[in-house]
Amino acid sequence: MRARRTAQNARRAREFEAFVAGAGGRLLHTATLLTAEDGTDHPHARRLLTHALAQTYADWDRLHGEDPYDRARRHLVLRFDHTAWYRHGVPWRPGTAGSGPPAGLTARERLVLVLRLYEGVAEEQTAALLGLPVERVHAVCDRAAATLLHPPREPAPVRSGVEAATP
């Protein structure tokens, strides 16, 4: 009995290691896009991915033919969605994440944009995963894409009265 259990655990560990070797890079990139951290240093994305992979490993025996990548992505997205709104008791605001292009988006906009455009998840699946109406997912995705394509302009610099009087 003990030998059988040990063999099952060893097989499970090998399967999971193979999964992480194949999908870990893409999942890390997804987490990095979600957290909007720069590409060289992304501690929040790594922590987010670690939690998602730990939950996926805990569910490994219960997958029963389900795609482990979908399960890991779902854990990653739900963890981000849960923690993004209140990080240390303060809601995340646009521009408080990293310095990359998606940093100017809200956490929900980054989440929808990454799921829809980077991961290729259908609107209906995204809406079901996040508990939102399909129309809301569509609107958030459109707004986020428009913000990335046409970022708001910075205000003009304010001149002092002396400089303004001089031609």
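The values are calculated or read from the model by the stated rules, or taken from the named source; none is laboratory data. Just so it is clear, the model here is predicted, and its values are computed rather than measured. No Cβ is skipped: glycine too gets one built from the backbone with ideal geometry, and neighbour counts run over all protein chains shown. Note: accessible area is taken over every heavy atom of the protein model, side chains too, but ligands, DNA and RNA are not part of it. Shrake-Rupley method; radii C 1.70, N 1.55, O 1.52, S 1.80 Å.
General observations
- In segment 109-118, residue farthest from Leu27 (Cα to Cα) [restricted to those that are surrounded by 19 or more Cβ atoms within 10 Å (Cβ to Cβ) and not aliphatic (A, V, I, L, M)]: Glu109
- Only one of the numbered conditions (1) surrounded by fewer than 10 Cβ atoms within 10 Å (Cβ to Cβ); (2) charged (D, E, K, R); (3) touching a Gly at 6+ places or on another chain (Cβ under 7 Å) is violated by Asp38, and that is (1).
- If you check Arg2, Arg12 for being touching a residue at least 12 places away in the same chain (Cβ under 8 Å) and farther than 26 Å from Arg108 by Cα, only one passes: Arg12.
- Number of residues in segment 13-27 that are open to solvent by 40 Å² or more (accessible area, probe 1.4 Å) and either within 23 Å of Cys141 (Cβ to Cβ) or of a type in the set (D, E, K, R) (or both): the value is 4.
- Complete set of residues in segment 136-167 that are surrounded by 10 or more Cβ atoms within 10 Å (Cβ to Cβ) and either at pLDDT below 75 or outside any helix (DSSP H, G or I) (or both): Pro151, Arg159
- For Glu37, the conditions (1) in contact with a helix residue (DSSP H, G or I) (Cβ under 6 Å, 6 or more places away or on another chain); (2) assigned to a helix (DSSP H, G or I); (3) not hydroxyl-bearing (Ser, Thr, Tyr) all hold with the exception of (2).
- Ala10 being modelled with pLDDT of 95 or more, farther than 20 Å from Val121 by Cβ and either surrounded by fewer than 18 Cβ atoms within 10 Å (Cβ to Cβ) or in contact with an Asp or Glu (Cβ under 8 Å, 6 or more places away or on another chain) (or both): no
- Residue ID - nearest to Ala128 (Cα to Cα), chosen from residues in segment 58-70 that are of a type in the set (D, E, K, R) and open to solvent by 30 Å² or more (accessible area, probe 1.4 Å): Asp70
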